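Asks: Below you'll find the structure I mean.
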Amino acid sequence: MKHVVILGGGTGGTLVANRLLRQHDPHELMITVVDQDDQHVYQPGLLFVPFGLTHGEDIVRSRHRQLHDGIAFRQVGVDHVDVAANQVHFEDGSVLAYDVLIIATGAVLVPEETEGLAGPGWMEKVFTFYNQEGAAGLQSALASFEGGRIVINIVDMPIKCPVAPLEFAFLADWYFTQRGIRDKVELVYVTPLDGAFTKPVASAQLGDMLKERGVELVTEFNTGEVDGDGGRLIGYDGREIPFDLAVVVPLHGGAPYVGRSPGLGDELNFVPTDERTLQSKVASNIFVIGDAANVPASKAGSVTHFEGDALVENVGHFLGGEPLEPAFDGHANCFIETGFHKALLIDFNYDTEPLPGHYPGPVGLPLLKESRLNHLGKLMFQWFYWHSLLPGRDIPGIHADMPESGKRHASSARTQEE
Ligand SMILES: Cc1cc2nc3c(=O)[nH]c(=O)nc-3n(C[C@H](O)[C@H](O)[C@H](O)COP(=O)(O)OP(=O)(O)OC[C@H]3O[C@@H](n4cnc5c(N)ncnc54)[C@H](O)[C@@H]3O)c2cc1C
C-alpha cells in the first residue's frame with residue numbers, strides 16, 4: 001500500500017484526489033487530503049459579489065463533501081514539510097508520512113508586504129475583492145458610492161486570474177451606468193504591466209476596450225505605498241495616483257509553510273516545478289499543481305484543471321517506476337466578463353498567445369470577441385466546477401491540450417507566459 005498525501009483541498013487538490021481514486025486500486029493506494037478549513041470557495045464568483053450579482057454564501061461549499069468516498073480528509077494546518085524524511089508536520093503537532101506528496105496549497109494574499117496597504121483606510125476606502133471579506137466589504141462600499149475616482153490596482157505579478165482586475169473595471173463601468181451615475185465616476189486601471197494584459201494581441205484589444213469605456217489606463221506603475229488616509233497610490237518612481245476608493249490586488253505568495261520547509265520553496269514561497277511533468281525540482285516524489293507551482297503558466301483554475309490530467313498520469317508513472325511524460329503544455333482559458341451581459345474568451349498555452357477564432361474548434365465559442373454566448377459560458381462554469389471539474393469528470397469537448405484548430409494565426413508571435 002502506497003500513501004499519497006495531498007496538501008490543500010481547493011481546486012487542484014480536490015480534482016486530483018478524485019481522479020487518482022478512480023484510476024487506482026484502493027487496496028494499493030491510500031489517498032489523504034489535508035486542508036486547514038472546510039470552506040471551499042468558488043473563487044471566480046468573488047468577482048460578482050461587489051456588484052451584488054451573487055452573494056458570498058452562494059459560492060461556498062463544504063470541502064470534504066467534494067471528495068469521493070474512500071479519500072481520507074484531515075482538517076488541520078500544515079506547519080512544515082520535512083522533505084528528507086518524507087513527512088508532513090501539522091500545526092497540532094501530529095506527523096504524517098508519505099510515499100508521494102502533492103502540493104496543492106495555492107497562493108495567498110500578502111497585503112502587509114506593501115507599505116500602508118493594510119494600514120489606515122483598509123476595508124474603508126481601500127479594498128480587495130480577492131477574498132470573501134474584501135468582496136463583501138466592497139459590495140457595501142460600491143452601493144454607497146455616489147461619485148468620485150475609483151482606482152483599480154495590481155500591485156505586482158504573479159496574481160491569480162490575471163484578467164480578473166480587468167473584468168472588475170468592465171463590470172464597474174456597467175454597474176455605474178445601470179445606476180445612472182457613470183458620468184460622476186472616474187475609473188482608472190493601474191498596472192505594473194506595459195499594457196492592459198501580458199500577451200500582445202489580447203493586450204491591444206483589451207486596452208482598446210478600456211478606452212472605449214472611458215477607463216483611463218496607467219501602465220508600468222509599481223506600487224510602493226498606499227496612503228489610505230490621504231487617498232494616494234505612490235509608485236516606486238515617485239508618481240502619485242489619487243483615489244476616493246481603491247480596489248487593490250495585493251502581492252501574492254505561496255503558502256507560508258513552504259517558507260518554513262527547508263529547501264521546498266523559492267523566495268516567494270512557490271515551489272520550483274518542472275513546467276511539463278509537474279514533478280517538483282525539490283524531490284522526485286513531490287508533485288505540484290495549481291497556484292502553488294512556480295511554472296510560467298497563469299495562476300488560474302483552468303490551468304489547474306488541465307494540469308490535473310498530466311499530474312495524475314505522472315504520479316501513476318512514478319508509482320510504477322516508469323519515465324514521466326512532459327505532458328502539460330501550459331494550456332489556459334479564461335472567460336473575460338466585459339459587462340452588459342457579454343464576455344470574451346481567451347485560450348492559449350506556453351507557445352501560443354491568445355488569438356482570434358473559435359474554441360474548442362472551428363465551430364464553437366468565439367475567441368477574443370465579445371458575445372452573449374461567452375457570458376452564458378462564464379455563468380454556467382460554476383455548475384461545471386462543482387459537478388464535473390472537482391469530481392474529476394471530463395467536461396465534454398474540453399481537453400487538457402490546447403486545441404490549434406479554430407485559431408486564426410494573425411500574428412506569428414510565439415510568446416512565453418509571464
Ligand atoms: C477573484 C478571483 C477570480 C478568479 N477567477 C478565475 C476565473 O475566472 N477562471 C479561472 O480559471 N481561475 C480564476 N481564479 C483563480 C482560481 O480560483 C485559482 O487559480 C484556483 O483556485 C487555484 O487552485 P489551487 O488548488 O492551486 O488553490 P486553491 O483552490 O486556492 O486551494 C488551496 C488550498 O490550500 C489550503 N491551504 C493553504 N495553506 C495551507 C496550510 N498551511 N495548511 C492546510 N491547508 C492549506 C487552502 O485552505 C486552500 O483550500 C480566480 C481567483 C480569484 C481570487
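Asks: Can you give me the ranges of the strands (runs of 3 or more DSSP E) entirely in segment 13-72 with at least 2 residues that are more than 30 Å from GLN87 (Cβ to Cβ)?
Replies: It comes to 60-62.
Asks: From the list ASP69, ASP38, ASP99, ASP92, pick out the single residue that is more than 9 Å from the ligand (Cβ to nearest atom), open to solvent by 30 Å² or more (accessible area, probe 1.4 Å), charged (D, E, K, R) and in contact (Cβ under 8 Å) with a residue 40 or more places away in the chain.
Replies: Result: ASP99 is the single residue among ASP69, ASP38, ASP99, ASP92 that is more than 9 Å from the ligand (Cβ to nearest atom), open to solvent by 30 Å² or more (accessible area, probe 1.4 Å), charged (D, E, K, R) and in contact (Cβ under 8 Å) with a residue 40 or more places away in the chain.
Asks: Please find, among PRO50, PRO26, PRO44, the residue that is under 19 Å from the mean Cα position of the chain (by Cα) and farther than 21 Å from ASP291 by Cβ.
Replies: Selected residue: PRO50, the only one of PRO50, PRO26, PRO44 that is under 19 Å from the mean Cα position of the chain (by Cα) and farther than 21 Å from ASP291 by Cβ.
Asks: In addition: If you check ASP58 against the conditions, is it without any contact (Cβ under 8 Å) to a residue 60 or more places away in the chain, open to solvent by 10 Å² or more (accessible area, probe 1.4 Å), away from the ligand (no atom under 13 Å from the Cβ) and in contact with a Gly (Cβ under 9 Å, 6 or more places away or on another chain)?
Replies: So ASP58 fits the description; yes.
Asks: Still on this structure: Just checking, which of ARG74, ARG63, ARG22 is within 8 Å of the ligand (Cβ to nearest atom) and of a type outside the set (Ser, Thr, Tyr)? So that I can check it myself, show each step before the final result.
Replies: Details: ARG74 fails: within 8 Å of the ligand (Cβ to nearest atom); ARG22 fails: within 8 Å of the ligand (Cβ to nearest atom).
Criteria check complete, one pass: ARG63.
Listed here are the residues, each with its yes/no results for (1) among the small types (Gly, Ala, Ser); (2) part of a strand (DSSP E or B); (3) surrounded by fewer than 18 Cβ atoms within 10 Å (Cβ to Cβ).
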{"position": "THR105", "(1), (2), (3)": "no, no, no"}
{"position": "GLY119", "(1), (2), (3)": "yes, no, yes"}
{"position": "ALA135", "(1), (2), (3)": "yes, no, no"}
{"position": "SER140", "(1), (2), (3)": "yes, no, yes"}
{"position": "GLU146", "(1), (2), (3)": "no, no, yes"}
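Asks: Separate question: Here's a check for you: in segment 77-89, which residue that is assigned to a loop (DSSP other than H, G, I, E, B) and more than 10 Å from the ligand (Cβ to nearest atom) is least open to solvent (accessible area, probe 1.4 Å)?
Replies: VAL83
Asks: Go through (1) open to solvent by 30 Å² or more (accessible area, probe 1.4 Å); (2) among the aliphatic types (A, V, I, L, M); (3) away from the ligand (no atom under 16 Å from the Cβ) for MET157 and report which single condition fails.
Replies: The single condition MET157 does not satisfy is (3).
Asks: Could you check segment 1-19 and list, in sequence order, the residues that are among the small types (Gly, Ala, Ser) and either open to solvent by 10 Å² or more (accessible area, probe 1.4 Å) or within 6 Å of the ligand (Cβ to nearest atom) (or both)?
Replies: GLY8, GLY9, GLY10, GLY12, GLY13
Asks: Next up: For a quick check of your reading of the model, give me the residue pairs whose first member lies in segment 122-135 and is more than 22 Å from HIS40 (Cα to Cα), whose second is in a loop (DSSP other than H, G, I, E, B), with beta-carbon atoms closer than 8 Å and at least 6 apart or on different chains.
Replies: Pairs found: TRP122/GLY228; GLU124/GLY228; LYS125/GLY228; LYS125/GLY231; LYS125/PHE243; LYS125/ASP244; VAL126/LEU117; VAL126/GLY228.
Asks: Which of the residues belonging to segment 230-262 are in contact with a His (Cβ under 6 Å, 6 or more places away or on another chain) and either surrounded by fewer than 20 Cβ atoms within 10 Å (Cβ to Cβ) or within 26 Å of ALA172 (Cβ to Cβ) (or both)? Give the derivation first.
Replies: Taking segment 230-262 first, the residues in contact with a His (Cβ under 6 Å, 6 or more places away or on another chain) are 257, 260-261.
Result: ARG260, single match.
The values are calculated or read from the model by the stated rules, or taken from the named source; none is laboratory data. Everything quoted here is computed from the prediction, not taken from an experiment. So basically every Cβ, Gly included, is an ideal-geometry build from the backbone, and we count neighbours across all protein chains shown. To get the accessible areas, we keep the full protein, side chains included, count just its heavy atoms, and leave off ligands, DNA and RNA. Shrake-Rupley method; radii C 1.70, N 1.55, O 1.52, S 1.80 Å.
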